[in-house]
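The values are calculated or read from the model by the stated rules, or taken from the named source; none is laboratory data. In this text the structure is predicted, and so the values were computed from the model without any measurement. Every residue, glycine among them, receives a Cβ derived from its backbone with ideal geometry; neighbour counts consider all protein chains shown. Accessible surface areas use protein heavy atoms only, side chains included; no ligands, DNA or RNA. Shrake-Rupley method; radii C 1.70, N 1.55, O 1.52, S 1.80 Å.
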Amino acid sequence: MLILLITVPVSVERVLSLMADRAERIMDTQTMLHDMAVRAALAQQEVLVSASAMLEVLSRQADWLLADPAACQRLMERLNSEVSGVQGLYLAAPDGRVVCASSRATVGRNVSERPYFQRALASRQPVLSDLFRGSSLLASLVLSKAERDDNQRVIAVVAAGLDLQWLSRIAAETGASAGVTVDVIDSAGTSLVRYPPSPDIVGRNFADAPLVRATVGRDEGHARVEGLDGVRRYVAFARFGGTDVRIVLGMDEAAILAPIDREILSSVLLHFSVVLAVLVISWFAADRLVVLPIRRLAQQVSSLGAGDGPEASLQPEALHDVGVQEFAPLVRAFGDLGRRLNERTEALRMLNGRLTALARTDGLTGLANRRTFDVQLSEDWVRTRETGQPLGVLMIDVDHFKPYNDTLGHLAGDEALRAVARMLIAAVAGTPYLVARYGGEEFVVLMPGAGRDAAEAIAQDVRRLVETLEIVHPSAAYRRLTVSVGVAVAMPLEGDSPDALLAAADQALYEAKAAGRNRVVMAASAVSEGARKR
């Protein structure tokens, strides 16, 4: 059992380490695929930017080209042969009629129903179509732009067909790594390019495929999903800038995980084989070297305890035979450990006592904190209710403390609060009353058994003692730091709440401050609503 207690955590740690390596391998693969997809998306900018620039130039000459169709025709044919990545150009009127084109067979055709033409009319920027299958003039993807006059009316639409070979080149360069597949998919879910080439996939629409659903509507990311060929892969994808086309790179899940899974399996089998061998050898050794001598010793001790006669005694040589003398260092070690544990326990007990005191004390003033006051108020409320004694509360507030802080600084304000706290302690010296910091510059005094006269006397002592501090306050009317005190006394009754007592003291404090500060105001009544109903 001891060996198992040692080896099982080690075995678990080993398995968790291997699983972490597996997760790291997956993460590294996804990061690599994502970086490749982003680089491929950036690589397509060359063709798209050149085609967009050409459309921009043609659209700015739309008036001249519409006026001279023959010159327009020659220009279209020349640009189509000279601009890399373009296979087919035309200029159409707003009604969709082709005025001139790189292919004379296209002139006069009406393209107004083409989705890309409608999108160009509605946009002020160049737009890229989804996979397009139409006349031989137009390529698989069409980039189009509408030119507008000063009144924003469309005067012409220029369109350029893009050669998909540039996508194939990017896909081949990106998928050069062994085991990487590349898919280029448009927004409708149609496969534009596939690497390695696959005629069964290119040109088909896969709108409902898991791969398309995982990538649609997102600029970039990664996923674990079934590919267009039905093989489950880890994939990363990125959107070609300025288009709705996405490039998706994937690696077979089995190709990624098979090596690490084999390594995990072999490591686990080897590790547990070693553990099992150690267990068997340890069991045999323990039985021969430890268990059997101890059992023999236990039998002798049992015979001695049973009083089997004077001959039944532990002989020194018998102890030597079973190796009992080797337990002496262990006993001494345990004794030393016990003493150290006792010392640590005592130190912890003292530390816990200090932590308990800190939890009950305000760090700035050394008084009881708000939490301690709330607990003591509840206890004193129940106790005075049972004994029929009154319970008094003083609510104390330092007058004009914020201007004091703003004028003299927070360090002076902290020192002033500590001085006020010392006067509060002096005022209740020799009594069982509790002084606490209520919050900010507010203090409270809880006085179990104190009647109205006693409570008011303590309040007046507090006010006078603070005055004797003679702390200069430039912003106060009295030119020195003072306090206002609200006093409330109640006879706790069954069903009442101490909140009514605190509320009465707070109201009395408010009246003291409203009356000019540096004074004591006694609350008229601190009887709760439940008591008044009775």
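For residues in region 429-456 being in a strand (DSSP E or B) and open to solvent by less than 20 Å² (accessible area, probe 1.4 Å), which is farthest from Ala359 (Cα to Cα)?
In the first step, residues of region 429-456 are kept if they are in a strand (DSSP E or B); the result is 434-439, 442-448.
Still in the list and also open to solvent by less than 20 Å² (accessible area, probe 1.4 Å): 435-436, 443-447.
Details: Val435: 16, Ala436: 13, Phe443: 18, Val444: 18, Val445: 19, Leu446: 19, Met447: 22 Å.
Top of the filtered list is Met447.
For every residue, the table says whether it meets (1) within 38 Å of the chain's Cα centre (by Cα); (2) polar (S, T, N, Q); (3) part of a helix (DSSP H, G or I).
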residue	(1), (2), (3)
Arg349	yes, no, yes
Ala359	yes, no, yes
Gly363	yes, no, no
Phe373	yes, no, yes
Thr384	no, yes, yes
Pro403	no, no, yes
Gly413	no, no, yes
Val420	no, no, yes
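Out of curiosity, is Arg463 within 23 Å of Phe373 (Cβ to Cβ), assigned to a strand (DSSP E or B) and open to solvent by 30 Å² or more (accessible area, probe 1.4 Å)?
Answer is no for this residue.
All but one of (1) of a type in the set (D, E, K, R); (2) touching a residue at least 12 places away in the same chain (Cβ under 8 Å); (3) loosely packed, with under 13 Cβ neighbours inside 10 Å hold for Arg383; state the number of the condition that does not hold.
(3)
In region 96-121, which residue that is among the polar types (S, T, N, Q) and in a loop (DSSP other than H, G, I, E, B) is farthest from Val158 (Cα to Cα)?
Quick first cut of region 96-121, residues among the polar types (S, T, N, Q) only: 102-103, 106, 110, 112, 118.
Now drop any that are not in a loop (DSSP other than H, G, I, E, B), which leaves 102-103, 112.
Numbers: Ser102: 12, Ser103: 14, Ser112: 13 Å.
Across region 96-121, the extreme among qualifying residues is Ser103.
Kindly list the number of the only condition in (1) in contact (Cβ under 8 Å) with a residue 40 or more places away in the chain; (2) farther than 30 Å from Val268 by Cα; (3) among the hydroxyl-bearing types (Ser, Thr, Tyr) that fails for Ser50.
(1) is the only condition that Ser50 fails.
Looking only at region 103-136, how many residues end up being modelled with pLDDT of 85 or more, over 22 Å from Asp149 (Cα atoms) and surrounded by 15 or more Cβ atoms within 10 Å (Cβ to Cβ)?
Count: 5.
Test Tyr433 against the stated conditions and say whether it is touching a residue at least 24 places away in the same chain (Cβ under 8 Å) and out of contact with any strand residue (DSSP E or B) (no Cβ under 6 Å at 6 or more places or on another chain). Write out each step before concluding.
Working: touching a residue at least 24 places away in the same chain (Cβ under 8 Å): yes; out of contact with any strand residue (DSSP E or B) (no Cβ under 6 Å at 6 or more places or on another chain): no.
Judged against the criteria, Tyr433 is not a match.
Is region 227-237 home to any residue that is open to solvent by 70 Å² or more (accessible area, probe 1.4 Å), assigned to a loop (DSSP other than H, G, I, E, B) and touching a Phe, Trp or Tyr at 6+ places or on another chain (Cβ under 9 Å)?
Looking for residues that are open to solvent by 70 Å² or more (accessible area, probe 1.4 Å), assigned to a loop (DSSP other than H, G, I, E, B) and touching a Phe, Trp or Tyr at 6+ places or on another chain (Cβ under 9 Å), one finds none in region 227-237, hence no.
Within region 357-380, can one find any residue that is without any contact (Cβ under 8 Å) to a residue 24 or more places away in the chain and β-branched (Val, Ile, Thr)?
Kept after step one, since they are without any contact (Cβ under 8 Å) to a residue 24 or more places away in the chain, are these residues of region 357-380: 357-361, 363, 371, 374-375, 379.
Those left that are additionally β-branched (Val, Ile, Thr): 361, 375.
Within region 357-380 (the criterion being without any contact (Cβ under 8 Å) to a residue 24 or more places away in the chain and β-branched (Val, Ile, Thr)), the answer is yes, since at least one residue qualifies.
I'd like to check something: does region 478-497 contain any residue that is surrounded by fewer than 20 Cβ atoms within 10 Å (Cβ to Cβ), over 24 Å from Arg360 (Cα atoms), under 48 Å from the mean Cα position of the chain (by Cα) and in contact (Cβ under 8 Å) with a residue 12 or more places away in the chain?
Going through region 478-497, the residues surrounded by fewer than 20 Cβ atoms within 10 Å (Cβ to Cβ) turn out to be 478-480, 491, 493-495, 497.
Checking the rest, the ones that are also over 24 Å from Arg360 (Cα atoms) come to 478-480, 491, 493-495.
Add one more test, that the residue is under 48 Å from the mean Cα position of the chain (by Cα), and what stays is 495.
Imposing the further condition that a residue be in contact (Cβ under 8 Å) with a residue 12 or more places away in the chain reduces the set to 495.
Checking region 478-497: at least one residue is surrounded by fewer than 20 Cβ atoms within 10 Å (Cβ to Cβ), over 24 Å from Arg360 (Cα atoms), under 48 Å from the mean Cα position of the chain (by Cα) and in contact (Cβ under 8 Å) with a residue 12 or more places away in the chain.
In region 338-381, how many residues are at pLDDT 85 or above and of a type in the set (S, T, N, Q)?
6
Condition test on Asp35, is it in a helix (DSSP H, G or I), charged (D, E, K, R), open to solvent by 60 Å² or more (accessible area, probe 1.4 Å) and closer than 28 Å to Gly85 by Cα? Explain how you work it out, then say what you get.
On the way: in a helix (DSSP H, G or I): yes; charged (D, E, K, R): yes; open to solvent by 60 Å² or more (accessible area, probe 1.4 Å): yes; closer than 28 Å to Gly85 by Cα: yes.
It is true that Asp35 is in a helix (DSSP H, G or I), charged (D, E, K, R), open to solvent by 60 Å² or more (accessible area, probe 1.4 Å) and closer than 28 Å to Gly85 by Cα.
Scanning for something closer than 20 Å to Gly392 by Cβ and in a loop (DSSP other than H, G, I, E, B), does region 475-490 turn up at least one residue? Spell out the reasoning first.
If we filter region 475-490 for residues that are closer than 20 Å to Gly392 by Cβ, which is where we start, we get 483-490.
The next check asks that each one be in a loop (DSSP other than H, G, I, E, B); those that pass are none.
Scanning region 475-490, I find no residue that is closer than 20 Å to Gly392 by Cβ and in a loop (DSSP other than H, G, I, E, B), so the answer is no.
I'd like the residue in region 404-428 that is farther than 13 Å from Thr482 by Cα and of a type in the set (A, V, I, L, M) and, out of all such residues, is surrounded by the most Cβ atoms within 10 Å (Cβ to Cβ).
Ala427
Which of the residues belonging to region 53-95 are touching a helix residue (DSSP H, G or I) at 6+ places or on another chain (Cβ under 9 Å), without any contact (Cβ under 8 Å) to a residue 24 or more places away in the chain and not in a helix (DSSP H, G or I)?
Gln61
Within region 478-496, count every residue that is more than 22 Å from Glu415 (Cβ to Cβ) and among the aliphatic types (A, V, I, L, M).
As a first pass, look at region 478-496 and keep what is more than 22 Å from Glu415 (Cβ to Cβ): 486-496.
In the following step, the residues that additionally are among the aliphatic types (A, V, I, L, M) were identified as 487-491, 493.
Number satisfying all stated conditions: 6.
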